[in-house]
Structure formats: C-alpha cells, structure tokens
Amino acid sequence: MRIPVIAGNWKMFNTVGESLALVRDLKAQVADAQGVQIVVAPVFTAIHAVAAELKGSNIAVSSQDVYWEETGAFTGEVGPAMLKDAGCAYAIIGHSERRQFFGETDDTVNKKVKAALKAGLIPIMCVGELLEEREAGKTMQVVEKQVKGGITGISSDDIAKIIIAYEPVWAIGTGKTATPAQAQEVHKAIRALIAALAGTQVAVGLRILYGGSVKADNVDVLMREEDIDGALVGGASLKADSFARIVKFSK
Ligand code: PGA
C-alpha cells in the first residue's frame, strides 16, 4: 500500500540543455511506468526548465536543498515557496554531502523540513552513518539521532508527509551498496522509531528510500525487502537508460 518512490539526485551535474535532453529521453522511457512515483532533482538553475518540460508527465521535480526562510537578505539561498513556484513538488534535505561539506546539522535539517512542509513541498530527509560509525557498531544510534533531530517539533500529521532516505555514507558514490539485509535492518528500525514517535499508522504509511550506489543491477533485490519503499539514486540517475530500468524495478 506504500507507493514506491524512485528519485534521481543529479547532484552538481547537467546544464539546462543537458538536463532537458535527459528528461526528454527519460519521459519517453518511463511513460508506461505505473504504481511508482518518479522524481528528478536537478541543480537549482535547471529546475524551472525541467519542470516545464515535465508538465503533464508522470515525473515530478525536487530540489536538492532548500532554505528555511521564505524571503530576505540571505545571499545565495532559495526559499521553499520559490522552489514550489519554479515547479518543485519535493525537496531533498540533509543529504550527507550537505552535512559533510556545507555544515548541515540535525538542527538545520529540522528547520528546512518544517519550512518545506509549510510551503507544501514533500521533504526527502536523508540520514545515514559514516563507515567508522558502522564499524564501531553505532549505526542505529547515529540514524536515530538524525531522524529524531530532523522531525523534532513536527506533528504526526506532518511526519506522515515526509519521505526518509537511508543513505549509508560509505555506500554513496563508492559502488559499495549496502546488502539488502543491512539496509532492511536499518529501515525496519527507522519504521519502529517513527511508530514510537508518531504512531503506528504514520509508521505503516511512511516511505523509506534506500540510497547508496543503487544501480540497474541491484535495485530488484533491494526492493524485495519489506521496509524498502524506493530508492534515492545518484550516479545511475544521470543516464536515462539506467534510471528508467531502476524505475521499472521488479520485485
Ligand atoms: P549514488 O548517490 O547513487 O551515486 O551512490 C546516492 C545519493 O547520494 O543520493
């Protein structure tokens, strides 16, 4: 009953022209895909053109980040209503690269998730442990802290609108995917945590995506796991063929 979500995070790739070429190809290849929500996240500069190109299609647009204020003297930032206006329906928040390189914390993630919800954007909130944290047996401790921190002060009704992406940092862009069992273990624990914080009904409906080297050749086994409700795909979302195959995963 949870509709799977396959989201492509393009990171800092693709000019406007390249973005349009990619979505034109993708749109044709996934036109017949059913029972799955398809999302692409271009760079800020390409959002508007991509959203216009995808109007009326089965592919939605996400930003890769969002600021928590609506407007103001915040040079370089983009507010949630502006993203909505440009054609976004989703916002990726708290990606590990933002946590690692741009000072994102659980507190800023929380502010951004709240602001996105207020503007009617669906947050795709990313969490995940570093390799040394996994090796030290701290995976669940880290993920729990990030999940709790990200949803602090948010009502159960609003938590129900959030998508969580579990992305072990050691699996991102490394070609090293978590095994389906490793991912399932964490997804199941996240769902249990949400049940405790927001109630069983919210937890049962919550979409939890796996991210980290998802490819055409490993998506099927991942999607067979009970608590994996989709994928956040980086590298393999930059080519229409591979992303379309991921969208058309088979369980
Ligand atoms: P990857 O990236 O698929 O290239 O590992 C995933 C992500 O960063 O969301």
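The values are calculated or read from the model by the stated rules, or taken from the named source; none is laboratory data. Because the structure is predicted, anything quoted here is derived from the model rather than measured. A quick note on method: Cβ atoms are made from the backbone with ideal geometry, for glycine too, and the neighbour counts reach across all protein chains shown. Ligands, DNA and RNA are stripped out before the accessible areas are found, and what is left, the full protein with its side chains, is counted by its heavy atoms. Shrake-Rupley method; radii C 1.70, N 1.55, O 1.52, S 1.80 Å.
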So, of the residues in the stretch 151-170 that are under 15 Å from the mean Cα position of the chain (by Cα) and within 16 Å of the ligand (Cβ to nearest atom), which turns out to be most open to solvent (accessible area, probe 1.4 Å)? Val169
In the stretch 221-245, how many residues are more than 10 Å from the ligand (Cβ to nearest atom), surrounded by 21 or more Cβ atoms within 10 Å (Cβ to Cβ) and among the β-branched types (Val, Ile, Thr)? 1
For Ala160, are the conditions met, namely being of a type in the set (A, V, I, L, M), touching a strand residue (DSSP E or B) at 6+ places or on another chain (Cβ under 8 Å) and under 21 Å from Met1 (Cβ atoms)? no
Of the numbered conditions (1) touching a Gly at 6+ places or on another chain (Cβ under 7 Å); (2) in contact (Cβ under 8 Å) with a residue 40 or more places away in the chain; (3) aliphatic (A, V, I, L, M), Met1 fails exactly one; give the number of that condition. (1)
For the stretch 171-205, give me each residue that is within 16 Å of the ligand (Cβ to nearest atom) and more than 13 Å from Val143 (Cα to Cα). Ala171, Ile172, Gly173, Thr174, Gly175, Lys176, Thr177, Ala178, Thr179, Pro180, Gln182
Taking Thr139, is it closer than 12 Å to Leu197 by Cβ and of a type outside the set (Gly, Ala, Ser)? no
Across the stretch 117-150, what is the total count of residues that are within 13 Å of the ligand (Cβ to nearest atom) and assigned to a loop (DSSP other than H, G, I, E, B)? 1
Could you list all residues from the stretch 24-45 that are among the hydrophobic types (A, V, I, L, M, F, W, C) and more than 18 Å from the chain's Cα centre (by Cα)? Leu26, Ala28, Val30, Ala31, Ala33
Turns out the helices (runs of 4 or more DSSP H) fully within the stretch 21-107 with at least 2 residues that are open to solvent by 20 Å² or more (accessible area, probe 1.4 Å) and within 16 Å of the ligand (Cβ to nearest atom) are 96-101
Across (1) open to solvent by 30 Å² or more (accessible area, probe 1.4 Å); (2) within 20 Å of Val233 (Cα to Cα), His187 clears everything bar (1)
Considering residues of the stretch 1-19 that are aliphatic (A, V, I, L, M) and over 17 Å from Ala236 (Cα atoms) only, the residue most open to solvent (accessible area, probe 1.4 Å): Met1
Which members of the stretch 206-219 meet the condition of being in contact (Cβ under 8 Å) with a residue 24 or more places away in the chain, open to solvent by 20 Å² or more (accessible area, probe 1.4 Å) and either away from the ligand (no atom under 15 Å from the Cβ) or of a type outside the set (S, T, N, Q) (or both)? Arg207, Lys215, Ala216
Answer yes or no: is there a residue in the stretch 166-187 that is within 24 Å of Met12 (Cα to Cα) and in contact with a Leu (Cβ under 6 Å, 6 or more places away or on another chain). yes
